[in-house]
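What follows is calculated from the coordinates using simple rules that are stated; it is not laboratory data. As the structure is a prediction and not an experimental result, all values here were calculated from the model. Positions of Cβ are generated from backbone atoms using ideal geometry, with glycine treated the same way; all protein chains shown enter the neighbour counts.
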């Protein structure tokens, strides 16, 4: 099996190294990851307004590693174009993200944006996240339980699966508190107090390895003020037992099926019936 891996935390992040170790048990691993941290980029791509630096990393492993100074979706595009003669690995896996991608975080997630790029190109695609955003997060539970989840999904992948991808979120709990695995829908929520005064030291305490603080903390022009986007999440599901983020909070690993097709078919049927 040929497996393309990327993430949004950058090639130095602990999560992508944990993911590569797990996926090496399935076959040939190729990693093309961003040079720097690229959270919340969704499916943004790096168009031709800047040079995109690429570098192979023979010191990394397992598998073949490289970084591209581009968005996560662009990293997957690059990997598909240059790492496979037929542009079609058997599987694209992105993560392991430092932080939850459950609920409406999925709409912003660059981990899932990169996963979606794989699905858009006809690949089986899985995004994986741990509900802990710290750079020193413990991925041991994910490493132990991810392989059987991936194996289950591959063995049960539907034949007619255009646009399908899976969003897998692990709760940040020790193995003793883990309740098991549940299939879930995407939860509902929103953020408030999203723009706060810039605090580089605070940001670095929560940013995963690979965050380019020098670029982020660029000098201001005269008259400018500095803010950072961080926010507080508001749960709009009221603890619903089938929402992914609520299940994560209760100690469950969640698998949420997503699709690149954004059509609301129920609404389409309603409109056609008018």
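Tell me, in nm to one decimal, what length is gained between residue 197 and residue 28 on full extension, where the rule is 0.36 nm per residue of separation less the Cα-Cα distance?
Difference between extended and current length: 56.3 nm.
Taking a point 7 Å from the Cα of residue 88 along the Cα-to-Cβ direction, the residues of region 106-138 with backbone N closer than 16 Å to it are 118-125. Suppose R0 equals 30 Å; then what is the FRET efficiency for residue 269 and residue 240 from their Cβ-Cβ distance, rounded to the nearest 0.05? Computed FRET efficiency for residue 269 and residue 240: 0.75.
Using a Gaussian network model of the chain in which every pair of alpha carbons under 10 angstrom is joined by a spring, one finds that among 52, 120, 112 the greatest mean-square fluctuation is at 52. Computing FRET efficiency as 1/(1 + (r/R0)^6) for residue 230 and residue 107, where r is the C-beta to C-beta distance and R0 is 30 Å, gives about 0.95. Only helices enter this figure: runs of n ≥ 4 DSSP H residues, each worth -39500 (n - 2.57), summed and divided by the residues of the chain, yield -8000 deg cm²/dmol at 222 nm to the nearest 500. If you average the alpha carbon positions of region 114-136 and of region 1-70, how far apart do those two centres end up, in angstrom? If you average the Cα positions of each part, the centres end up 11 Å apart.
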